[in-house]
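The values are calculated or read from the model by the stated rules, or taken from the named source; none is laboratory data. Small disclaimer: the values here were computed from a predicted structure and weren't measured. Note: ideal-geometry Cβ built from the backbone for every residue, glycine included; neighbour counts use all protein chains shown.
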Amino acid sequence: MHAASYGLICVLSIGVAVYALVSYALFPLGASVHPDMRATFELHRIGIYSHVFAAAVALLLGPLQFSRRLRTAHPALHRVSGRIYLVAGVCVGGLAGLYMAMFAYGGIVSSIGFALLALAWLYTGARAYAAARARQFRAHRAWMVRNFALAFAAVTLRIELGLAFAAGLPFESVYPLVAWVSWVPNLVAAEMFLRGNP
């Protein structure tokens, strides 16, 4: 990956993680989301807080896992941060996301989109862990690329919602679509990247 692309991914991931941590730790629950979503958040506080904070862990640690310098110079740190990423980030965030998908704004279309994202995130994380345990490092890398592409949906979702808002599109029409296009293109891009960098 080019240094500029990697740097942009790091900046966007850290930026969204910090934004989420500040928004949910320092402000009332639901202060930064659409008003129609706040009641659901209030009813499922544990679910939403678990999902947000775990996803923030994944966004903060995920880019570090792809640093060749870190893996080479500090392999133990790579392993420890990878376990934290998978357990505290992907496992907790994915399970909480799967739970919250049942109550997603936008009805069944949004719920299915976010539920599939959560399941794919959990599945690719489990495959990445299993490959690492089996010392199949090429497969581990491929599954981690897919996994972080899904984690990056937290970034692309916010970019897409921002663009939709700037274009004056109605939130209630856009959100069910974003429940899918925030992650499916990411996964496609990950597969294209892996084909070009086997």
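Some points to look at:
- Filter pass, Ser110 being farther than 18 Å from Ser13 by Cβ and not in a loop (DSSP other than H, G, I, E, B): yes
- Matching residues, the stretch 94-103, being closer than 14 Å to Arg45 by Cα and either in contact with a Lys or Arg (Cβ under 9 Å, 6 or more places away or on another chain) or crowded, with 19+ Cβ neighbours inside 10 Å (or both): Ala96, Gly97, Met100, Ala101
- For Glu172, the criteria (1) at pLDDT below 95; (2) among the charged types (D, E, K, R); (3) within 20 Å of Ala56 (Cα to Cα) hold in every case but one, which is (3).
- Test: residue in the stretch 33-56 that is in contact with a Ser or Thr (Cβ under 6 Å, 6 or more places away or on another chain) and surrounded by 12 or more Cβ atoms within 10 Å (Cβ to Cβ): no
- For the stretch 111-144, the candidate set comprises residues that are among the aromatic types (Phe, Trp, Tyr) and surrounded by 15 or more Cβ atoms within 10 Å (Cβ to Cβ); within that set, the residue that is nearest to Ser81 (Cα to Cα) is Tyr129.
- Filtered residues of the stretch 11-32 (kept if small (Gly, Ala, Ser) and surrounded by 12 or more Cβ atoms within 10 Å (Cβ to Cβ)): Ser13, Gly15, Ala17, Ala20, Ser23, Gly30, Ser32
- Filter result for Arg158 (buried (at least 17 other Cβ atoms within 10 Å of the Cβ) and not β-branched (Val, Ile, Thr)): yes
- Unmet criterion (only one of (1) surrounded by fewer than 17 Cβ atoms within 10 Å (Cβ to Cβ); (2) on the phi > 0 side of the Ramachandran plot) for Gly106: (1)
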